[in-house]
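Take a look at the structure below.
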Amino acid sequence: MGKPVIAIGLDAAEPSVIERWMAEGHLKTLNRLRKQGVYGRLKNFAAFSAETPWTTFLTGCAPTTTGYWSPLRFQQGTYTVESIAAYDFEAYPPFYALGDPYRVAIFDVPQILPSSRVNGLQVSAWGAHSPQVPSTSLPPELFQELVNAYGDHPGLHRDYACCLDLPGTLKLQEVLKTGIARRSAICQDLLQREPWDLFLTVFGETHAAGHNFWHLSQPDHPLYQDFQPFIANDPLLETFKAIDTAIGQILAKAPENSQIIVFSTHGMGANTMDLPSTTFLPEFLYRFAFPGQQALLHQHPQGVLPAPATRMQWNYWERHIWNTKTDKSWLRKFFRQRTPTRLYRLLQPLIEGFGKTDLIPPLRLVQQTDVVPFQPATWYAPLWPQMPAFALPSFAEGYIRINLQGREPQGVAPPDDYDAFCADLTQKLHNLRDARSGVAMVKQVIQPRKSADNSNLKLPDADLVVVWQDEYATDTVESPDVGRIGPASHLRAGSHRPEGFILAVGQDIPNGGMLADGHALDLAPTILSMMGAPIAEHLEGCILPLQKPAVVVS
């Protein structure tokens, strides 16, 4: 058997930012580990970058193998979307499910429940970002024991704010700081309970900080110049510094012969996908389906664009988008845009019920479902049966479902025209431009199904997956086919990028090594190899050559 492995994940931590802050001396623990071991970047899948990274890491398998693409699933035959939450890990168990020979401690890894195939301690959803599973543990009493001793995580399911709400955003800094300190104390406790073969935990606070603080920290966000002068410090950097300190505290309790891995399965950048996927794409497809009509975001069809919004008139983002709805009724439009929020909530059934409406108002949708009612993509659902293609709700890239005859109950698009239709729609998507910079909005359009009759259940629900550009966080798009869409208020400051990193330290690992680019799939077999544990045949990655660095850096 190998030496014990301490693996610490930094959820959605951007490698380019980590590298800069290490070089500048801000992250002292990580910089020390970097000099003692090897470092390299890890690629991940360019599409589904927000949905699949943790399942990819835990199973050691690509989404094409597991069939898990998103926590949301389109219900064929109903024109509805349901939440399936996390992958079930039945066909492909977590890589650390090694049975009796290996003692394993797993604390707060996202998107996985405790497994009976693991010999050790497991805690789920204590403070992970978007854990997709309920809070629980094995043994069952362990979760409450830890909460009683150290407290809960104040950010669990509450680690988000609209980026235009500066006071609300800054409040999260203290929430995350408290969670980091408690996580450190819990990990130190669990690490010392016995000599584990594998101890694995993940800091979810890096994920929340990236989503919420990017525009307050990184100049590549278009709101940076507007907000940065009004803050006392860099909340993203301060969060990472607190995590860096916590990692040092945890490792101080590790056995002397421990092998250490710090890693991220994916990264973060300025938010280039939330508005395009959830807001612009559904409106684009609405206008594509109903030429000459506009549903949302029509205020500035031509002329000079106003500056990006830096504040909210009302206290929730969905209303700002809904208030842009096209409406023939001037009275309904007046009440929608002018009524104070508390009164609007009371009057909404009357206001939105006056005359015919096509989209579902978000306040009404909240009463009907808990499946992402805040996403504009879901507001168009009543019209999906009439549209040749519609946008599915998404937390990452744009997902387009073709309303195919013979597959959907009220299909519009003929199967014989499937390829030509997809090609035409793809071209129109490639014509989209950011209205401020002129940057092409679409980097790639992926067609997972090569034919209309492909019913492979392991394929994603989307017939087309739109990978957006990552140069500029846009608030307005231009299309020669459907016109201008926007401006729209930004919601989250940061969004995902498909590149992570690995930093490994151990007695047999040379100092200052630089790895050639690996893949997130390589993490599982590499950790198992360091443990001296068997590597399951279904794992699709390779063992990273930690002991043979190609380059030693000074």
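No lab work stands behind these numbers, since they all come straight from the coordinates. Quick caveat, the model's predicted, so the values are computed rather than measured. Using ideal geometry, Cβ is built from the backbone for each residue, glycine included, and neighbour counts are taken over all protein chains shown.
Quote the Stokes-Einstein diffusion coefficient, in whole µm² s⁻¹, for the range 460-554, based on the Kirkwood radius over alpha carbon pairs, a temperature of 10 °C and a viscosity of 1.306 mPa s. For these conditions, the coefficient is 89 µm²/s. Other residues with beta-carbon under 9 Å from the beta-carbon of L98 carry, at +1 per Lys or Arg and -1 per Asp or Glu, a net charge of -1.
Counting lysine pairs in the range 297-449 that sit 8 or more residues apart in sequence, or on different chains, and whose Cα atoms lie under 28 Å apart gives 6.
Farthest towards the positive end of the charge dipole of the chain, among the residues Y472, Q313, A389, is the Cα of Q313, using unit charges on the Cβ of Lys, Arg, Asp and Glu. Going from the residue with the fewest nearby Cβ atoms within 10 Å to the one with the most, F290, F203 rank F290, F203.
Dipole of the chain computed with +1 at Lys/Arg Cβ and -1 at Asp/Glu Cβ about the Cα centre; of L33, I231, S529, farthest Cα towards the positive end is I231. Using C-alpha pairs under 8 Å with a sequence gap of at least 6, the mean separation divided by the residue count of the chain gives a relative contact order of 26 percent. Normalised by 2.2 N^0.38 Å, with N the number of residues, the alpha-carbon radius of gyration of the range 232-374 equals 1.57.
Classify the range 1-69 from the C-alpha gyration tensor, please: rounded if a/c falls under 1.5, else prolate or oblate depending on whether a/b exceeds b/c. Since a/c reaches 1.5 but b/c is at least a/b, the shape of the range 1-69 is classed as oblate. Quick one: Cα centre-to-centre distance for the range 161-234 and the range 266-345, in angstrom? Taking the Cα centre of the range 266-345 as reference, the centre of the range 161-234 is 29 Å away. Ellipsoid fit via the Cα gyration tensor, the range 325-364: semi-axes of 15, 12, 8 Å, each the root of five times an eigenvalue, largest first. With a simple spin-label model that places each label point 7 Å from the Cα along the Cα-to-Cβ direction, the separation between N119 and K171 comes to 4.8 nm.
Excluding the site residues themselves, the longest part of the chain lacking any GluC sites (Glu not before Pro) in a DSSP loop with at most 10 other Cβ atoms within 10 Å is 257-536. Of all DSSP-defined beta bridges confined to the range 1-150, some 65% are antiparallel rather than parallel.
Neighbour counts of other Cβ atoms within 10 Å put D522, D11, D517, D358 in the fewest-to-most order D517, D358, D522, D11. Counting Lys and Arg as +1 and Asp and Glu as -1 over every other residue whose Cβ lies under 14 Å from the Cβ of G541, the net charge comes to -3. Considering only the Cα atoms of the chain, their convex hull presents on average a projected area of 25.6 nm². Need the list of lysines near K28 for cross-linking: C-alpha distance under 30 angstrom, and skip anything on the same chain fewer than eight residues off. Within the straight-line cut-off, K28 pairs with K3, K43, K171, K177, K241, K253, K548. Restricting the calculation to Cα atoms, the range 338-410 yields a radius of gyration followed by a Dmax of 14.6, 46 Å. Placing +1 on each Lys and Arg Cβ and -1 on each Asp and Glu Cβ, with no other charges, gives the chain a dipole about its Cα centre of roughly 1220 debye. Neighbour counting of Cβ atoms within 10 Å sorts the residues T178, T279, T324, fewest neighbours leading, into T178, T324, T279. Taking only the alpha carbons of the range 109-219, we obtain Rg and Dmax values of 15.2, 47 Å in that order. The local environment of G151, defined by Cβ-Cβ distances under 11 Å, has a net charge of +1 under the rule Lys, Arg +1 and Asp, Glu -1. Listed by chain and number, the aspartates and glutamates whose C-alpha is less than 16 Å from the C-alpha of K35, apart from same-chain residues fewer than 8 away, are E19, E24, D244, D508. At full extension, T339 and C542 could sit 67.2 nm farther apart than now, given 0.36 nm per residue minus the alpha carbon distance. Of all beta bridges that DSSP places with both ends in the chain, some 60 percent have antiparallel geometry. For the range 384-527, the square roots of the Cα gyration tensor eigenvalues, ordered a ≥ b ≥ c, give a/c of at least 1.5 with a/b no greater than b/c, which places it in the oblate category.
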